[in-house]
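Scroll down for the structure; my scribbles are underneath it.
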Amino acid sequence: MSDTSSSGSGSPAAAHFETLAIRAQAPVTPAREHSVPLYLTSSFRFDDAEHARALFAEEMSGNIYSRYANPNTDEFVNKVCLLEGGEDGVATASGMSAVFTAIAAHVASGDHVLSARAIFGSTHQLVTRVLPKWGVTSDYADIADPASWERLLRPTTKLIYVETPSNPGLELVDLAWLGSLARARGIPLVVDNCFATPYLQRPLTHGATAVIHSATKYMDGQGRALGGVIVGDRSFMADCRFFARHTGPAMSAFNAWMLSKSLETLAVRMDRHCSNALAVARHFEGHPAVQAVRYPYLPSHPQHELARRQMTQGGGIVVLELAGGLSRSGRFLDRLRLASHSANLGDTRTIVTHPASTTHSKLTGAERAAVAITDGLIRISVGLEHVGDIIDDLEQALAD
Ligand SMILES: *Cc1c(COP(=O)(O)O)cnc(C)c1O
(Lines give C-alpha, C1' and ligand atoms only; values in the text may rest on other atoms or scores of the structure.)
Protein backbone atom coordinates (compact mmCIF):
# COMPACT_ATOMS: atom_id res chain seq x y z
CA MET A 1 0.00 0.00 0.00
CA SER A 2 1.19 3.48 -0.73
CA ASP A 3 0.53 6.36 1.63
CA THR A 4 -2.81 8.09 1.52
CA SER A 5 -3.13 11.82 1.74
CA SER A 6 -6.09 14.05 2.18
CA SER A 7 -6.45 17.05 -0.06
CA GLY A 8 -7.84 19.07 2.84
CA SER A 9 -6.21 19.64 6.19
CA GLY A 10 -5.88 17.17 9.00
CA SER A 11 -5.42 13.41 9.04
CA PRO A 12 -8.06 11.34 7.22
CA ALA A 13 -7.48 8.57 9.79
CA ALA A 14 -9.16 10.76 12.41
CA ALA A 15 -12.25 11.41 10.31
CA HIS A 16 -15.68 9.76 10.08
CA PHE A 17 -16.70 7.03 7.60
CA GLU A 18 -18.24 9.44 5.06
CA THR A 19 -15.20 11.72 5.14
CA LEU A 20 -12.70 8.88 4.78
CA ALA A 21 -14.64 7.43 1.85
CA ILE A 22 -14.33 10.75 0.04
CA ARG A 23 -11.04 12.21 1.24
CA ALA A 24 -8.69 9.19 1.48
CA GLN A 25 -7.18 9.65 -1.96
CA ALA A 26 -4.02 8.57 -3.74
CA PRO A 27 -1.23 11.16 -3.44
CA VAL A 28 -1.52 14.15 -5.75
CA THR A 29 0.89 14.25 -8.72
CA PRO A 30 2.65 17.34 -10.14
CA ALA A 31 -0.46 17.90 -12.30
CA ARG A 32 -2.27 18.88 -9.06
CA GLU A 33 -5.41 16.93 -9.99
CA HIS A 34 -8.40 17.24 -7.66
CA SER A 35 -9.91 13.89 -8.66
CA VAL A 36 -7.48 10.96 -8.87
CA PRO A 37 -6.54 10.11 -12.50
CA LEU A 38 -6.60 6.68 -14.10
CA TYR A 39 -3.19 5.02 -14.41
CA LEU A 40 -3.35 2.86 -17.52
CA THR A 41 0.17 1.52 -17.43
CA SER A 42 1.28 -2.11 -17.16
CA SER A 43 4.59 -1.32 -15.50
CA PHE A 44 6.54 1.47 -13.79
CA ARG A 45 10.10 2.69 -14.40
CA PHE A 46 12.91 2.20 -11.91
CA ASP A 47 15.07 5.17 -10.89
CA ASP A 48 18.25 3.09 -11.12
CA ALA A 49 19.59 -0.43 -10.66
CA GLU A 50 19.57 -0.13 -6.86
CA HIS A 51 15.92 1.07 -6.85
CA ALA A 52 14.84 -1.96 -8.92
CA ARG A 53 16.75 -4.34 -6.65
CA ALA A 54 15.30 -2.81 -3.47
CA LEU A 55 11.72 -2.88 -4.80
CA PHE A 56 11.95 -6.55 -5.74
CA ALA A 57 13.63 -7.38 -2.43
CA GLU A 58 10.65 -5.67 -0.73
CA GLU A 59 13.02 -3.44 1.21
CA MET A 60 10.90 -0.50 0.11
CA SER A 61 7.36 -0.11 -1.24
CA GLY A 62 6.63 1.30 -4.66
CA ASN A 63 5.05 0.52 -7.98
CA ILE A 64 6.62 -2.24 -10.08
CA TYR A 65 4.03 -3.90 -12.28
CA SER A 66 0.22 -3.67 -12.33
CA ARG A 67 -0.30 -7.37 -11.56
CA TYR A 68 1.26 -6.59 -8.14
CA ALA A 69 -0.24 -3.14 -7.55
CA ASN A 70 -1.07 0.12 -9.28
CA PRO A 71 -1.88 3.59 -7.86
CA ASN A 72 -5.58 3.00 -8.58
CA THR A 73 -5.78 -0.41 -6.89
CA ASP A 74 -3.72 1.02 -4.00
CA GLU A 75 -6.19 3.85 -3.57
CA PHE A 76 -9.16 1.47 -3.58
CA VAL A 77 -7.51 -0.96 -1.14
CA ASN A 78 -6.44 1.89 1.17
CA LYS A 79 -9.98 3.17 1.33
CA VAL A 80 -11.46 -0.24 2.10
CA CYS A 81 -8.78 -0.75 4.81
CA LEU A 82 -9.75 2.54 6.43
CA LEU A 83 -13.49 1.81 6.19
CA GLU A 84 -13.21 -1.76 7.52
CA GLY A 85 -10.36 -1.14 9.97
CA GLY A 86 -7.96 -3.51 8.15
CA GLU A 87 -4.17 -3.28 8.30
CA ASP A 88 -3.55 -4.35 4.69
CA GLY A 89 -5.49 -5.51 1.66
CA VAL A 90 -5.52 -6.95 -1.84
CA ALA A 91 -7.88 -6.03 -4.70
CA THR A 92 -8.98 -8.77 -7.09
CA ALA A 93 -10.85 -9.00 -10.38
CA SER A 94 -14.09 -10.31 -8.85
CA GLY A 95 -15.63 -11.27 -5.54
CA MET A 96 -15.00 -14.94 -6.27
CA SER A 97 -11.30 -14.34 -6.92
CA ALA A 98 -11.18 -12.64 -3.50
CA VAL A 99 -12.88 -15.66 -1.88
CA PHE A 100 -10.55 -18.05 -3.71
CA THR A 101 -7.42 -16.07 -2.83
CA ALA A 102 -8.36 -15.77 0.85
CA ILE A 103 -8.92 -19.52 1.16
CA ALA A 104 -6.32 -20.95 -1.24
CA ALA A 105 -3.51 -18.81 0.20
CA HIS A 106 -4.03 -20.47 3.60
CA VAL A 107 -4.66 -24.15 2.94
CA ALA A 108 -2.60 -27.09 1.72
CA SER A 109 -3.37 -30.72 0.99
CA GLY A 110 -4.65 -32.40 4.18
CA ASP A 111 -6.06 -29.19 5.64
CA HIS A 112 -9.67 -28.56 6.60
CA VAL A 113 -12.00 -25.57 6.24
CA LEU A 114 -15.01 -25.02 8.49
CA SER A 115 -17.72 -22.94 6.84
CA ALA A 116 -21.21 -21.76 7.62
CA ARG A 117 -23.70 -23.77 5.58
CA ALA A 118 -25.43 -20.68 4.19
CA ILE A 119 -22.91 -19.25 1.72
CA PHE A 120 -22.97 -17.82 -1.80
CA GLY A 121 -23.59 -20.41 -4.57
CA SER A 122 -20.14 -20.19 -6.19
CA THR A 123 -18.42 -20.23 -2.79
CA HIS A 124 -20.29 -23.47 -2.10
CA GLN A 125 -19.03 -24.91 -5.41
CA LEU A 126 -15.47 -23.84 -4.53
CA VAL A 127 -15.59 -25.42 -1.07
CA THR A 128 -17.31 -28.67 -2.03
CA ARG A 129 -16.15 -29.30 -5.61
CA VAL A 130 -12.86 -27.46 -6.21
CA LEU A 131 -10.92 -27.62 -2.92
CA PRO A 132 -11.30 -31.43 -2.65
CA LYS A 133 -9.30 -31.75 -5.90
CA TRP A 134 -6.31 -30.50 -3.91
CA GLY A 135 -7.00 -32.64 -0.87
CA VAL A 136 -8.64 -29.88 1.18
CA THR A 137 -11.73 -31.06 3.07
CA SER A 138 -14.52 -29.04 4.62
CA ASP A 139 -17.50 -29.20 6.92
CA TYR A 140 -20.58 -27.01 7.16
CA ALA A 141 -21.85 -25.79 10.51
CA ASP A 142 -25.32 -24.47 11.21
CA ILE A 143 -25.84 -21.11 12.86
CA ALA A 144 -28.85 -22.55 14.71
CA ASP A 145 -26.52 -25.01 16.47
CA PRO A 146 -23.56 -23.08 17.97
CA ALA A 147 -22.18 -26.21 19.67
CA SER A 148 -21.69 -27.82 16.25
CA TRP A 149 -18.91 -25.34 15.40
CA GLU A 150 -16.63 -26.51 18.20
CA ARG A 151 -17.46 -30.13 17.46
CA LEU A 152 -16.53 -29.77 13.78
CA LEU A 153 -13.19 -28.04 14.36
CA ARG A 154 -10.23 -30.34 13.71
CA PRO A 155 -6.50 -30.04 14.43
CA THR A 156 -6.13 -29.52 10.65
CA THR A 157 -8.72 -26.71 10.44
CA LYS A 158 -6.88 -23.76 8.88
CA LEU A 159 -9.74 -21.37 8.26
CA ILE A 160 -13.29 -20.56 9.39
CA TYR A 161 -15.47 -18.98 6.72
CA VAL A 162 -18.85 -17.24 7.06
CA GLU A 163 -21.13 -14.83 5.26
CA THR A 164 -23.42 -12.54 7.27
CA PRO A 165 -26.11 -11.71 6.30
CA SER A 166 -26.05 -14.70 3.94
CA ASN A 167 -26.99 -14.63 0.27
CA PRO A 168 -29.91 -15.16 -0.26
CA GLY A 169 -31.36 -16.49 3.03
CA LEU A 170 -30.34 -13.49 5.20
CA GLU A 171 -29.08 -15.75 7.98
CA LEU A 172 -26.78 -13.99 10.43
CA VAL A 173 -23.70 -15.28 12.22
CA ASP A 174 -22.93 -13.90 15.68
CA LEU A 175 -19.54 -12.38 14.91
CA ALA A 176 -18.55 -11.57 18.49
CA TRP A 177 -19.20 -15.20 19.54
CA LEU A 178 -17.49 -16.78 16.53
CA GLY A 179 -14.64 -14.24 16.61
CA SER A 180 -13.79 -15.19 20.16
CA LEU A 181 -14.01 -18.93 19.40
CA ALA A 182 -11.70 -18.50 16.39
CA ARG A 183 -9.24 -16.43 18.44
CA ALA A 184 -9.19 -18.94 21.28
CA ARG A 185 -8.30 -21.68 18.79
CA GLY A 186 -5.88 -19.50 16.81
CA ILE A 187 -7.76 -20.12 13.55
CA PRO A 188 -8.33 -17.24 11.10
CA LEU A 189 -11.97 -16.19 10.69
CA VAL A 190 -12.85 -14.85 7.22
CA VAL A 191 -16.13 -12.97 6.80
CA ASP A 192 -17.86 -12.20 3.50
CA ASN A 193 -19.26 -8.75 4.35
CA CYS A 194 -20.78 -8.13 0.93
CA PHE A 195 -24.41 -7.66 2.00
CA ALA A 196 -23.72 -5.36 4.95
CA THR A 197 -20.77 -3.30 3.63
CA PRO A 198 -18.46 -1.66 6.20
CA TYR A 199 -21.03 1.11 6.57
CA LEU A 200 -23.43 -1.26 8.38
CA GLN A 201 -21.08 -3.83 9.93
CA ARG A 202 -17.34 -4.07 10.63
CA PRO A 203 -16.42 -7.72 11.27
CA LEU A 204 -12.76 -6.94 12.13
CA THR A 205 -13.95 -5.10 15.25
CA HIS A 206 -15.68 -8.35 16.34
CA GLY A 207 -12.56 -10.51 16.07
CA ALA A 208 -12.58 -11.50 12.39
CA THR A 209 -9.12 -11.90 10.83
CA ALA A 210 -10.09 -10.78 7.35
CA VAL A 211 -13.09 -9.45 5.45
CA ILE A 212 -13.83 -10.13 1.82
CA HIS A 213 -16.16 -8.28 -0.54
CA SER A 214 -17.67 -8.69 -3.91
CA ALA A 215 -17.08 -5.02 -4.81
CA THR A 216 -19.38 -5.72 -7.76
CA LYS A 217 -22.34 -5.23 -5.46
CA TYR A 218 -22.82 -2.24 -3.14
CA MET A 219 -19.27 -0.92 -3.47
CA ASP A 220 -19.78 -0.22 -7.18
CA GLY A 221 -23.46 0.25 -6.54
CA GLN A 222 -24.35 1.00 -10.12
CA GLY A 223 -24.10 -2.39 -11.82
CA ARG A 224 -21.07 -1.52 -13.95
CA ALA A 225 -17.97 -3.39 -12.87
CA LEU A 226 -16.77 -6.61 -11.29
CA GLY A 227 -14.34 -6.40 -8.41
CA GLY A 228 -13.27 -8.06 -5.19
CA VAL A 229 -11.21 -7.10 -2.17
CA ILE A 230 -9.76 -8.76 0.93
CA VAL A 231 -8.65 -6.67 3.90
CA GLY A 232 -7.53 -7.65 7.38
CA ASP A 233 -4.72 -8.63 9.64
CA ARG A 234 -1.22 -7.93 8.28
CA SER A 235 0.13 -11.46 8.43
CA PHE A 236 -3.02 -13.03 6.95
CA MET A 237 -2.84 -10.49 4.14
CA ALA A 238 0.86 -11.17 3.49
CA ASP A 239 -0.07 -14.71 2.41
CA CYS A 240 -2.93 -13.38 0.27
CA ARG A 241 -0.60 -10.85 -1.33
CA PHE A 242 2.03 -13.50 -2.17
CA PHE A 243 -0.66 -15.78 -3.62
CA ALA A 244 -2.30 -13.02 -5.69
CA ARG A 245 1.01 -11.62 -6.92
CA HIS A 246 2.05 -14.97 -8.37
CA THR A 247 -1.29 -16.36 -9.55
CA GLY A 248 -2.63 -13.15 -11.13
CA PRO A 249 -6.24 -12.38 -10.05
CA ALA A 250 -5.43 -8.62 -10.15
CA MET A 251 -8.16 -5.99 -10.35
CA SER A 252 -7.88 -3.80 -13.45
CA ALA A 253 -6.79 -0.19 -12.92
CA PHE A 254 -9.95 1.03 -14.61
CA ASN A 255 -12.23 -0.91 -12.26
CA ALA A 256 -10.21 0.24 -9.24
CA TRP A 257 -10.44 3.87 -10.38
CA MET A 258 -14.21 3.55 -10.78
CA LEU A 259 -14.70 1.65 -7.51
CA SER A 260 -12.70 4.23 -5.52
CA LYS A 261 -15.06 6.90 -6.76
CA SER A 262 -18.11 4.71 -6.08
CA LEU A 263 -17.03 4.38 -2.43
CA GLU A 264 -17.40 8.16 -2.07
CA THR A 265 -21.18 7.71 -2.16
CA LEU A 266 -21.45 4.36 -0.34
CA ALA A 267 -22.84 5.85 2.88
CA VAL A 268 -25.60 7.92 1.27
CA ARG A 269 -26.55 5.08 -1.04
CA MET A 270 -26.70 2.54 1.81
CA ASP A 271 -28.89 4.85 3.91
CA ARG A 272 -31.44 4.98 1.09
CA HIS A 273 -31.13 1.26 0.20
CA CYS A 274 -31.85 0.45 3.84
CA SER A 275 -34.81 2.81 4.29
CA ASN A 276 -36.37 1.64 0.99
CA ALA A 277 -35.79 -2.02 1.90
CA LEU A 278 -37.33 -1.61 5.36
CA ALA A 279 -40.40 0.02 3.79
CA VAL A 280 -40.73 -2.83 1.26
CA ALA A 281 -40.30 -5.46 4.00
CA ARG A 282 -42.93 -3.82 6.21
CA HIS A 283 -45.36 -3.40 3.31
CA PHE A 284 -45.32 -7.08 2.27
CA GLU A 285 -45.41 -8.59 5.76
CA GLY A 286 -48.90 -10.07 6.08
CA HIS A 287 -49.66 -9.66 2.34
CA PRO A 288 -52.01 -12.50 1.22
CA ALA A 289 -49.72 -13.63 -1.64
CA VAL A 290 -46.64 -13.68 0.61
CA GLN A 291 -46.08 -16.53 3.07
CA ALA A 292 -43.16 -14.86 4.81
CA VAL A 293 -40.90 -11.82 4.59
CA ARG A 294 -37.28 -12.05 5.71
CA TYR A 295 -35.44 -8.87 6.62
CA PRO A 296 -32.92 -8.52 9.48
CA TYR A 297 -34.51 -5.35 10.87
CA LEU A 298 -38.05 -6.77 11.03
CA PRO A 299 -38.90 -8.03 14.55
CA SER A 300 -40.14 -11.26 12.87
CA HIS A 301 -36.59 -12.14 11.72
CA PRO A 302 -35.42 -15.02 13.96
CA GLN A 303 -32.14 -13.17 14.63
CA HIS A 304 -33.55 -9.66 14.92
CA GLU A 305 -31.81 -9.05 18.26
CA LEU A 306 -28.45 -10.03 16.80
CA ALA A 307 -29.06 -7.86 13.73
CA ARG A 308 -29.63 -4.85 16.02
CA ARG A 309 -26.43 -5.66 17.90
CA GLN A 310 -24.00 -6.11 15.03
CA MET A 311 -25.52 -4.12 12.14
CA THR A 312 -26.43 -0.43 12.24
CA GLN A 313 -29.27 -0.94 9.70
CA GLY A 314 -30.91 -3.94 8.03
CA GLY A 315 -29.32 -3.73 4.57
CA GLY A 316 -30.80 -3.46 1.09
CA ILE A 317 -31.95 -7.03 0.49
CA VAL A 318 -35.46 -8.29 1.23
CA VAL A 319 -36.53 -11.90 0.75
CA LEU A 320 -40.14 -12.83 0.00
CA GLU A 321 -41.43 -16.37 0.30
CA LEU A 322 -44.29 -16.53 -2.18
CA ALA A 323 -47.24 -18.80 -1.64
CA GLY A 324 -47.62 -21.07 -4.68
CA GLY A 325 -43.99 -22.08 -5.32
CA LEU A 326 -42.47 -22.26 -8.78
CA SER A 327 -45.46 -21.31 -10.93
CA ARG A 328 -46.28 -18.31 -8.75
CA SER A 329 -42.65 -17.15 -8.75
CA GLY A 330 -42.44 -17.41 -12.54
CA ARG A 331 -45.65 -15.45 -13.00
CA PHE A 332 -44.42 -12.78 -10.57
CA LEU A 333 -41.07 -12.39 -12.38
CA ASP A 334 -42.71 -12.15 -15.81
CA ARG A 335 -45.13 -9.45 -14.68
CA LEU A 336 -42.56 -7.02 -13.27
CA ARG A 337 -42.49 -3.70 -15.12
CA LEU A 338 -40.07 -1.53 -13.16
CA ALA A 339 -37.90 -3.98 -11.24
CA SER A 340 -35.34 -5.83 -13.37
CA HIS A 341 -35.18 -9.60 -13.46
CA SER A 342 -31.42 -10.10 -13.27
CA ALA A 343 -28.73 -11.87 -11.26
CA ASN A 344 -26.87 -8.90 -9.78
CA LEU A 345 -27.61 -7.02 -6.55
CA GLY A 346 -26.60 -3.77 -4.90
CA ASP A 347 -27.48 -1.70 -7.98
CA THR A 348 -29.32 1.65 -8.01
CA ARG A 349 -32.03 -0.28 -9.91
CA THR A 350 -34.28 -2.68 -8.02
CA ILE A 351 -33.34 -6.22 -9.08
CA VAL A 352 -35.38 -9.32 -8.45
CA THR A 353 -33.79 -12.80 -8.54
CA HIS A 354 -35.16 -16.32 -8.18
CA PRO A 355 -32.20 -18.16 -6.59
CA ALA A 356 -33.58 -21.73 -6.94
CA SER A 357 -33.56 -21.49 -10.76
CA THR A 358 -30.51 -19.21 -11.18
CA THR A 359 -27.72 -18.42 -8.67
CA HIS A 360 -28.30 -21.57 -6.61
CA SER A 361 -29.51 -23.91 -9.39
CA LYS A 362 -26.25 -25.90 -9.34
CA LEU A 363 -26.99 -27.03 -5.78
CA THR A 364 -28.84 -30.30 -5.36
CA GLY A 365 -32.42 -30.13 -4.09
CA ALA A 366 -31.24 -31.36 -0.70
CA GLU A 367 -28.48 -28.71 -0.54
CA ARG A 368 -31.00 -25.98 -1.35
CA ALA A 369 -33.43 -27.31 1.25
CA ALA A 370 -30.66 -27.24 3.89
CA VAL A 371 -30.28 -23.48 3.40
CA ALA A 372 -34.04 -22.85 3.01
CA ILE A 373 -33.91 -21.86 -0.67
CA THR A 374 -37.39 -22.89 -1.74
CA ASP A 375 -39.06 -22.61 -5.16
CA GLY A 376 -41.10 -19.69 -3.84
CA LEU A 377 -38.12 -17.68 -2.56
CA ILE A 378 -37.61 -14.31 -4.25
CA ARG A 379 -34.59 -12.11 -3.50
CA ILE A 380 -35.20 -8.41 -3.94
CA SER A 381 -32.26 -6.05 -4.11
CA VAL A 382 -34.16 -2.90 -3.30
CA GLY A 383 -32.85 -0.03 -5.40
CA LEU A 384 -32.82 3.72 -5.11
CA GLU A 385 -35.94 4.47 -7.16
CA HIS A 386 -38.84 6.13 -5.29
CA VAL A 387 -40.01 3.54 -2.77
CA GLY A 388 -43.67 4.07 -3.74
CA ASP A 389 -42.90 3.09 -7.34
CA ILE A 390 -40.99 0.00 -6.18
CA ILE A 391 -43.86 -1.16 -3.94
CA ASP A 392 -46.47 -0.47 -6.65
CA ASP A 393 -44.55 -2.60 -9.15
CA LEU A 394 -44.11 -5.53 -6.76
CA GLU A 395 -47.81 -5.27 -5.78
CA GLN A 396 -49.09 -5.37 -9.36
CA ALA A 397 -46.82 -8.36 -10.14
CA LEU A 398 -48.32 -10.22 -7.15
CA ALA A 399 -51.95 -9.56 -8.09
CA ASP A 400 -53.99 -12.61 -9.04
C1 LIG B 1 -21.83 -11.83 -5.69
C2 LIG B 1 -21.27 -12.40 -4.46
C3 LIG B 1 -20.01 -13.01 -4.45
C4 LIG B 1 -19.18 -13.18 -5.71
O5 LIG B 1 -18.79 -11.96 -6.25
P6 LIG B 1 -18.49 -11.72 -7.81
O7 LIG B 1 -18.04 -10.31 -7.85
O8 LIG B 1 -19.76 -11.98 -8.54
O9 LIG B 1 -17.43 -12.69 -8.19
C10 LIG B 1 -19.52 -13.48 -3.24
N11 LIG B 1 -20.25 -13.38 -2.10
C12 LIG B 1 -21.47 -12.81 -2.08
C13 LIG B 1 -22.21 -12.72 -0.79
C14 LIG B 1 -22.02 -12.30 -3.25
O15 LIG B 1 -23.25 -11.75 -3.22
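The values are calculated or read from the model by the stated rules, or taken from the named source; none is laboratory data. Bear in mind that the values here come from a model prediction, so they are computed numbers and not experimental data. A quick note on method: Cβ atoms are made from the backbone with ideal geometry, for glycine too, and the neighbour counts reach across all protein chains shown. Accessible surface is based on the protein model in full, side chains and every heavy atom, while ligands, DNA and RNA are left aside. Shrake-Rupley method; radii C 1.70, N 1.55, O 1.52, S 1.80 Å.
Numbers below:
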read-out	value
In degrees, nearest ten, helix 95-104 long axis to first principal axis of the chain (Cα)	70 degrees
All lysines inside 23 Å of LYS79 as judged from Cα atoms, apart from same-chain residues fewer than 8 positions distant	LYS217, LYS261
Whole-Hz couplings from phi, Karplus 6.51/-1.76/1.60, listed for the range 201-206; x for Gly and Pro	7, 10, x, 5, 6, 9
Local electrostatic count, GLN310, Cβ distance below 11 Å [Lys/Arg +1, Asp/Glu -1]	+1
Along the chain, longest interval not containing exposed trypsin sites (Lys or Arg not before Pro), exposed being DSSP loop plus at most 14 other Cβ atoms within 10 Å	46-223
Net +/- balance of residues flanking ALA52 in space, Cβ distance below 13 Å, scoring K and R +1, D and E -1	-3
Candidates ASP389, ASP192, ASP74, ranked by Gaussian network fluctuation over the chain, Cα under 10 Å, top entry	ASP389
Whole-number accessible area per residue in Å² for the range 266-398, which is evaluated in the context of all protein chains at 1.4 Å	41 Å²
Electrostatic dipole magnitude of the range 150-201 [Cβ: Lys, Arg +1; Asp, Glu -1; Cα centre; debye, to 20]	340 debye
Accessible surface of the range 65-198, 1.4 Å probe, proportion on carbon and sulfur as whole %	54 percent
Karplus 3J(HN,Hα) series, Hz, for the range 29-34 with 6.51 cos²θ - 1.76 cosθ + 1.60 (x for Gly, Pro)	8, x, 6, 6, 5, 8
Cα gyration tensor shape for the range 300-342, rounded if a/c is under 1.5, else prolate or oblate	oblate
Separation between Cα centres of the range 324-400 and the range 101-167, rounded to whole Å	28 Å
Accessible area per residue in Å² at 1.4 Å probe, computed on the range 3-263	41 Å²
Sequence-distant lysines (8 or more away, or on other chains) whose Cα lies within less than 21 Å of LYS158	LYS133
Protein accessible area in the range 266-398, 1.4 Å probe - carbon and sulfur %	53 percent
Over the chain: helical MRE at 222 nm, DSSP H runs n ≥ 4 each giving -39500 (n - 2.57), nearest 500	-10500 deg cm²/dmol
Listed residues ALA256, GLN222, THR359: farthest to the positive end of the dipole of the chain (Cβ charges)	THR359
Vicinal HN-Hα couplings computed from phi for the range 232-245 (Karplus, 6.51 cos²θ - 1.76 cosθ + 1.60; Hz; Gly/Pro x)	x, 4, 4, 6, 4, 6, 4, 5, 4, 5, 4, 4, 5, 4
Summed residue charge, Cβ within 13 Å of SER138's Cβ, Lys/Arg positive, Asp/Glu negative	+3
Enclosed volume per residue, in Å³, of the convex hull spanned by Cα atoms of the chain	144 Å³
Residue range of the chain that is longest and free of GluC sites (Glu not before Pro) which are both DSSP loop and sparsely packed (at most 13 other C-beta within 10 Å)	60-400
